[in-house]
Amino acid sequence: MRVEKIGDAELYLGDCRDILPQLPKVDSVITDPPYGISYLPYHPGAAPRDRIFGDDQVFDPSPVLTVGAQTTILWGANNYASSLPRGGWLCWDKRVSVAADKMMGSPFELAWINHQSRYKFARIQHGGAKNADGEKIARVHPTQKPIRLMEWCIEQSRGARSILDPYMGSGTTGVAAMNLGHKFIGVEIDPRYFEIACRRIEDAQRQGRLIG
């Protein structure tokens, strides 16, 4: 296990199932885990190395649920809903236009939230050539979520000051947490994406210091 401390962020390289029991209590868990669907990116030239680590196995959310955070948000939970208790749902409409009925990939995505009465909807355009993070900003992970979407998720964690992402990927949740002034703990099992996450989160902190 490797640990990097970058300002208000603490990042772990390793398997979250081993690391979670060692972590301090957090206010909110926000994560986009492997869904267990053997996802392969749609983009031309996608290679086997672009597959999501662990996505060829049925996803078990129980290690994340045992963290006991006040708010837990799990993206892609419609793929493993039978393993979750009753909760609410967040919907991300990513259509480039409201009238669009066809686009590459799903026009919307769902996240489970552990508040039974919470049903929220966000429209953040993202798909094909449209990147919600900016048209000239390259995506560095095959299922990378927009920063604005993860900021919206943090806003659903009302009153949270510390955020945990046990499937950190390229660190988007961490970047969102830095942008909003929260403490962040991230865990990633793939060394490639761990290095990317470290750089992105450090850049977000540096940018915040320049603005502040």
Could you say whether any residue in region 140-162 is surrounded by 22 or more Cβ atoms within 10 Å (Cβ to Cβ), modelled with pLDDT of 95 or more and not aliphatic (A, V, I, L, M)?
yes
Consider ARG192 carefully, then state whether it is modelled with pLDDT under 95, under 18 Å from LEU90 (Cα atoms) and among the basic types (Lys, Arg).
no
Among the strands (runs of 3 or more DSSP E) contained in region 1-84, which hold 1 or more residues that are surrounded by 19 or more Cβ atoms within 10 Å (Cβ to Cβ) and either hydroxyl-bearing (Ser, Thr, Tyr) or at pLDDT below 90 (or both)?
9-13, 28-31, 71-75
For CYS198, state whether it is modelled with pLDDT of 95 or more and closer than 21 Å to ILE19 by Cβ.
yes
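The values are calculated or read from the model by the stated rules, or taken from the named source; none is laboratory data. As the structure is a prediction and not an experimental result, all values here were calculated from the model. Ideal geometry is used to build each Cβ from the backbone, glycine not excepted, and the neighbour counts take in all protein chains shown.
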